[in-house]
Amino acid sequence: LARGVAEPDLAGRHVVVSAGGTREPLDPVRFLGNRSSGKQGYALARTAAARGARVTLVAANTGLPDPAGVDVVPVGTAVQLREAVLKAAADADAVVMAAAVADFRPAVYAAGKIKKQDGQDPEPVALIRNPDILAEISADRPRAGQVVVGFAAETDDVLANGRTKLRRKGCDLLVVNEVGERKTFGSEENEAVVLGADGSETPVPHGPKEALADVVWDLVAARLG
Ligand code: CTP
Ligand code: CA
C-alpha cells in the first residue's frame with residue numbers, strides 16, 4: 001500500500017535490512033561483484049522508518065546517501081555482511097535480506113596486485129562458497145518469532161523456482177522478481193510476487209520500489225501479530 005502519511009504500525013519494532021551487492025576481493029585492486037544497485041533495500045529501510053520502526057541498514061557497496069533516521073552499517077564482502085546482519089539481528093523483530101550476496105569468493109586473496117607474465121596464460125581463479133546468511137538465520141532465528149524475508153531474482157520459471165527457493169531457505173516470505181538484461185537492476189521500479197511459507201501469493205504490480213517495500217512491511221506486520 002502506498003501511503004501518504006504512514007501509520008506508525010512498526011513503532012517499537014527493530015528491523016534489519018541488507019542492501020546492495022557484496023564484493024569479493026581477488027587482490028587489493030580487483031573484486032568479483034554484481035549489478036545490485038541497493039535501491040530496493042534503501043526503499044525498504046525508508047518505508048520501515050516512516051512506519052515507526054528502528055531500522056538497521058546493512059549496506060554493501062551502494063554509494064547511496066544514508067536515509068534519514070536509519071542506522072547504516074557499511075560492509076564490503078559476504079563474510080562482513082553476515083557478521084553485521086547477525087549482530088543486528090540479535091534483537092530484531094524482522095530481517096529482510098534484500099542484498100545480493102555473492103555465492104562464491106576467490107579461494108585465495110593476493111596481498112599484492114596480481115601481475116600478468118609475458119607470454120603466459122593467466123592462472124584460473126579458484127572459488128569457494130560463501131555462507132548462506134538467509135538460510136542460516138531462517139534455520140536458527142536469533143530471536144523467537146522473528147520474521148525472515150528473502151529476495152530472489154529469477155530469469156526463468158519464476159514462480160516454480162521461487163517456491164523451491166522459499167522451502168530451501170526456510171524463510172517466511174520470499175519476494176520473487178523476474179530479471180533480464182533490461183529489467184530491475186538499477187531501475188527505480190519493480191514488479192514482483194511475494195510468496196509466503198503459508199502458501200500465500202501476493203502479486204505486486206509494476207511500480208515504485210517504495211510500493212513493493214510497503215507490501216513487504218504489510219506482510220511482515222501481519223506475521224508479527
Ligand atoms: N542469500 C544469502 N546468502 C548467500 C546467498 C544469498 O543470504 N550466500 C540471500 C539473498 O540475500 C536473498 C536470498 O538469499 O535474499 C536469495 O538469493 P539467491 O541468490 O536468489 O539464492 P541462492 O540460494 O544463492 O540461489 P541461486 O543459486 O539461484 O543464486
Ligand atoms: Ca545466489
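Every number here is computed from the coordinates shown, using simple stated rules; none is lab data. This is a predicted model, so every value here is computed, not measured. Virtual Cβ from ideal backbone geometry, glycine too; neighbours counted across all protein chains shown.
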Worksheet item: Which of A94, A49, A139 moves most in a GNM of the chain, Cα contacts under 10 Å?
Response: A139
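Taking Cα pairs under 8 Å and at least six residues apart, what relative contact order does the chain come out at, in percent?
Details: 475 pairs, mean separation 46.3, N = 225.
Computed over the chain, the figure is 21 percent.
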Worksheet item: How many angstrom separate the Cα center of region 69-143 from the Cα center of region 147-216?
Response: 21 Å
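Scanning the chain for chymotrypsin sites (Phe, Trp or Tyr not before Pro) in DSSP loops with at most 16 other Cβ atoms within 10 Å, what's the longest stretch left with none?
Looking at the chain, 1-108 is the longest stretch - no exposed chymotrypsin sites (Phe, Trp or Tyr not before Pro) with at most 16 other Cβ atoms within 10 Å.
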Worksheet item: So what's the back-of-envelope 222 nm ellipticity for the chain, counting only DSSP H runs of four-plus at -39500 (n - 2.57) apiece and dividing by all residues, rounded to 500?
Response: -8000 deg cm²/dmol
Worksheet, complete the sentence: Charge dipole of region 1-151 built from unit charges on the beta carbon (Lys, Arg +1; Asp, Glu -1), centred at mean Cα; most positive-end Cα among A49, Q80, N61 is A49
Worksheet entry | Under-5 Å amide H pairs with A53, H placed in peptide plane, nonlocal only | L10
Discussion item. List the aspartates and glutamates whose Cα sits under 20 Å from the Cα of K116, skipping any in the same chain fewer than 8 residues away.
Written reply: D27
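Would you mind ranking K87, K39, K165, K113 by Cβ crowding within 10 Å, fewest neighbours first?
Values: K87 14, K39 23, K165 18, K113 10.
Arranged by neighbour count, lowest to highest, K87, K39, K165, K113 become K113, K87, K165, K39.
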Discussion item. Please list, ordered by chain and number, the residues whose modelled amide H lies under 5 Å from the amide H of V147; skip anything fewer than 5 residues away on the same chain.
Written reply: A94, V95
Worksheet item: Per the Kirkwood treatment, what hydrodynamic radius in Å, one decimal, follows for the chain from the mean inverse distance over all distinct Cα pairs?
Response: 18.1 Å
Worksheet item: Which residue, Q146, Q40, Q80, has the most motion in a Gaussian network model of the chain that connects Cα atoms within less than 10 Å?
Response: Q80
Worksheet item: Gain in length, T202 to R129, computed as 0.36 nm per residue apart minus the alpha-carbon separation, to one decimal in nm?
Response: 23.1 nm
